[in-house]
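First comes the structure, then the notes that go with it.
The values are calculated or read from the model by the stated rules, or taken from the named source; none is laboratory data. Computed from a predicted structure; not experimentally measured. For neighbour counting, all protein chains shown are included, and Cβ atoms are generated from backbone atoms with ideal geometry for every residue, glycine included.
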Amino acid sequence: MTTFRRALNYPLIKGGLVFLALALLLSLVSMYSVEKSYSSQGTLGVGHHVIGDKDFENNYFITNRTLVLSSQNASVIVIQKGRINSYILKNKSVRLNPISQPEISVESGNVSYLYRVYGVDYPYSLLSLLAFVFMIVGSALSVYGYIKFMEGAVKEAREKRR
């Protein structure tokens, strides 16, 4: 037990453990998340429309998208990542969960829409890179310190034998 305490008090091992503790702390801080949301609504006439905010869609990790289309009498084509879906709305609404920012082509009539996007931002994510470097340095210091400590312990044991 005293050898273990002596090993923990060895400067290189202690320094390595400090770096590893800092790496753990930085990695936990880097996982802090902030929820963001975006919403838009309006009425679309005949033509091709791109719904949503491109900057919001590109800057955040999107967790959910909801698009609600409603109309008295309209023909609509919804395009999302190459998938094309056609809807004929007659006094009804359609609720969709698009996989990407939707493009809507209104063939006839007017369409009311409500588009909501929920995303997550990780403002301190770059700290994970620093945590990785600290982890490498801490591991190297700990292993090197352990090797040096064991060399000293072996020398001590040899001297006691004589």
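Quick check, is Lys148 over 30 Å from Leu17 (Cα atoms) and basic (Lys, Arg)?
no
On the basis of being in the same structural domain as Tyr115 (by TED's automatic domain parsing), over 16 Å from Leu114 (Cα atoms), assigned to a strand (DSSP E or B) and in contact with a helix residue (DSSP H, G or I) (Cβ under 9 Å, 6 or more places away or on another chain), does Ile62 make the cut?
So Ile62 passes the test.
Scan (1) modelled with pLDDT of 90 or more; (2) in contact with a Pro (Cβ under 7 Å, 6 or more places away or on another chain); (3) surrounded by 13 or more Cβ atoms within 10 Å (Cβ to Cβ) for the single condition Ser71 breaks and write down its number.
Looking at each condition in turn, Ser71 falls short on (2).
Does Phe56 satisfy the criteria of being surrounded by 15 or more Cβ atoms within 10 Å (Cβ to Cβ), of a type outside the set (Val, Ile, Thr) and closer than 23 Å to Asp121 by Cα?
Yes: the conditions hold for Phe56.
For the stretch 139-157, check the following and say yes or no: at least one residue is among the polar types (S, T, N, Q), more than 30 Å from Ser37 (Cα to Cα), surrounded by 12 or more Cβ atoms within 10 Å (Cβ to Cβ) and touching a strand residue (DSSP E or B) at 6+ places or on another chain (Cβ under 8 Å).
The answer is no, given that none of the residues of the stretch 139-157 is among the polar types (S, T, N, Q), more than 30 Å from Ser37 (Cα to Cα), surrounded by 12 or more Cβ atoms within 10 Å (Cβ to Cβ) and touching a strand residue (DSSP E or B) at 6+ places or on another chain (Cβ under 8 Å).
Hey, among Leu89, Leu96, Leu130, Leu67, which residue is over 25 Å from the mean Cα position of the chain (by Cα) and either under 30 Å from Gly16 (Cβ atoms) or aliphatic (A, V, I, L, M) (or both)?
Answer to the selection: Leu89.
Could you check the stretch 1-39 and list, in sequence order, the residues that are without any contact (Cβ under 8 Å) to a residue 60 or more places away in the chain and not in a helix (DSSP H, G or I)?
Once the filter is applied, which keeps residues that are without any contact (Cβ under 8 Å) to a residue 60 or more places away in the chain and not in a helix (DSSP H, G or I), the stretch 1-39 yields only Met1.
Filter the stretch 40-59 down to residues that are over 15 Å from Tyr115 (Cβ atoms) and not in a helix (DSSP H, G or I), then give me how many there are.
So the count comes out to 4.
Report whether or not Ile77 is farther than 22 Å from Gly119 by Cα and either modelled with pLDDT under 90 or exposed (fewer than 14 other Cβ atoms within 10 Å of the Cβ) (or both).
no
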